[in-house]
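Student: Structure in structure tokens, see below.
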Amino acid sequence: MVVAIDGPAASGKSSTAQWVAEKLGFRHVDSGSLYRGVTAARLRAGGSPDEWSEPSVLAVARQVSLRPTERGFIPLIHGEPADGEIRGGEVTREVSRVARMPGVREWVNSEVRRAAAGSDVVVDGRDIGTAVFPDAQLKIFLVADPWERAKRRLVQRLARRPTDAEVAEETERLVQRDARDSMQTVQARDAILIDTTYLTQADQVERIVALARGVGKRDR
Ligand code: DC
């Protein structure tokens, strides 16, 4: 079974997907970690990001892989865990340009399908329910108000309550990122839309888990 969770940046996709996978006993595949991994590998190779060509990005993609763990995958560069590096500010700034390259999207999609093969999975990203697994048994599209998304992100990063000025600044950054990723972020026609603005993460997880169990019963 494939549960596809798509949505914009900081909509809580990855943490929700991870938690849903844990509850269902499924594996979690974070497709964004591959786009980030390729971007980090390309940054290591040097040069100005404005001048990165698609072939030069594809050339480093083979350095990136996923190591299976009990419930998910760790992104590796040259066989070494790169989880910290791929979440850094520089990667976050440059990843959208890499994610717009058609060859990179093809490469990521085939890696995601390979990682997912043979197990029940929860896969999160932007186009999982449309391009990667159009036949997924359950498709969720998570949205939340940008101000709320910015606040959640800052609470996680700063481990304290952010000021309104900080939230405003982060909201601006998020809205810009949404615009850069908008072409890639697609809601499948048969996706269930969940607005998490007024939901706790535990509530979102419960809803998705209940929907997945319903699908499991229906298909049995
Ligand atoms: O979800 P994230 O912030 O880790 O995603 C990183 C980047 O990868 C972001 O620019 C969107 C892009 N992405 C994508 O285009 N398609 C996906 N399935 C997953 C991520």
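The values are calculated or read from the model by the stated rules, or taken from the named source; none is laboratory data. In this text the structure is predicted, and so the values were computed from the model without any measurement. Neighbour counts are summed over all protein chains in view; Cβ atoms, including those assigned to glycine, are modelled from backbone coordinates with ideal geometry.
Student: Would a scan of the stretch 181-195 turn up a residue that is closer than 14 Å to Lys13 by Cβ, among the hydroxyl-bearing types (Ser, Thr, Tyr) and at pLDDT below 95?
Tutor: Yes.
Student: Answer with yes or no whether Ser33 is within 13 Å of the ligand (Cβ to nearest atom), part of a helix (DSSP H, G or I), at pLDDT below 95 and surrounded by 15 or more Cβ atoms within 10 Å (Cβ to Cβ). I'd like the intermediate steps shown before the answer.
Tutor: Values: within 13 Å of the ligand (Cβ to nearest atom): yes; part of a helix (DSSP H, G or I): yes; at pLDDT below 95: no; surrounded by 15 or more Cβ atoms within 10 Å (Cβ to Cβ): yes.
No; evaluated as a whole, the condition is false for this residue.
Student: Which ones in the stretch 123-149 are closer than 16 Å to Arg105 by Cβ and away from the ligand (no atom under 12 Å from the Cβ)?
Tutor: Pro134
Student: While we're on this one: Can you work out which of the residues in the stretch 55-71 that are part of a helix (DSSP H, G or I) and within 14 Å of the ligand (Cβ to nearest atom) is nearest to Val123 (Cα to Cα)? Write out each step before concluding.
Tutor: Of the stretch 55-71, the ones part of a helix (DSSP H, G or I) are 55-61.
Now narrow it down to the ones that are within 14 Å of the ligand (Cβ to nearest atom): 57, 61.
Numbers: Val57: 24, Ala61: 20 Å.
Once the filter is applied, the top-ranked residue is Ala61.
Student: Let me ask something else about it. Would you point out the residue of the stretch 44-54, among those that are more than 14 Å from the ligand (Cβ to nearest atom) and in contact (Cβ under 8 Å) with a residue 24 or more places away in the chain, that is surrounded by the most Cβ atoms within 10 Å (Cβ to Cβ)? Don't jump to the end; show me each part of the working.
Tutor: Looking only at the stretch 44-54, we keep the residues that are more than 14 Å from the ligand (Cβ to nearest atom), and these are 44-48, 50-54.
Next, from what is left, pick out any that are in contact (Cβ under 8 Å) with a residue 24 or more places away in the chain: 44, 52, 54.
Working: Arg44: 13, Trp52: 19, Glu54: 13.
Among those residues, the one meeting the criterion is Trp52.
Student: If you don't mind, there's one more thing I want to ask. Restricting to the stretch 1-29, what's the tally of residues that are outside any helix (DSSP H, G or I) and closer than 22 Å to Pro146 by Cβ? Lay out the reasoning, then the answer.
Tutor: Restricting attention to the stretch 1-29, the residues satisfying the condition of being outside any helix (DSSP H, G or I) are 1-12, 25-29.
Those left that are additionally closer than 22 Å to Pro146 by Cβ: 5-12.
Looking only at that region, the number is 8.
Student: One residue is enough: does the stretch 131-146 have a residue meeting the conditions in contact with an Asp or Glu (Cβ under 7 Å, 6 or more places away or on another chain) and either more than 28 Å from Leu66 (Cα to Cα) or without any contact (Cβ under 8 Å) to a residue 60 or more places away in the chain (or both)?
Tutor: yes
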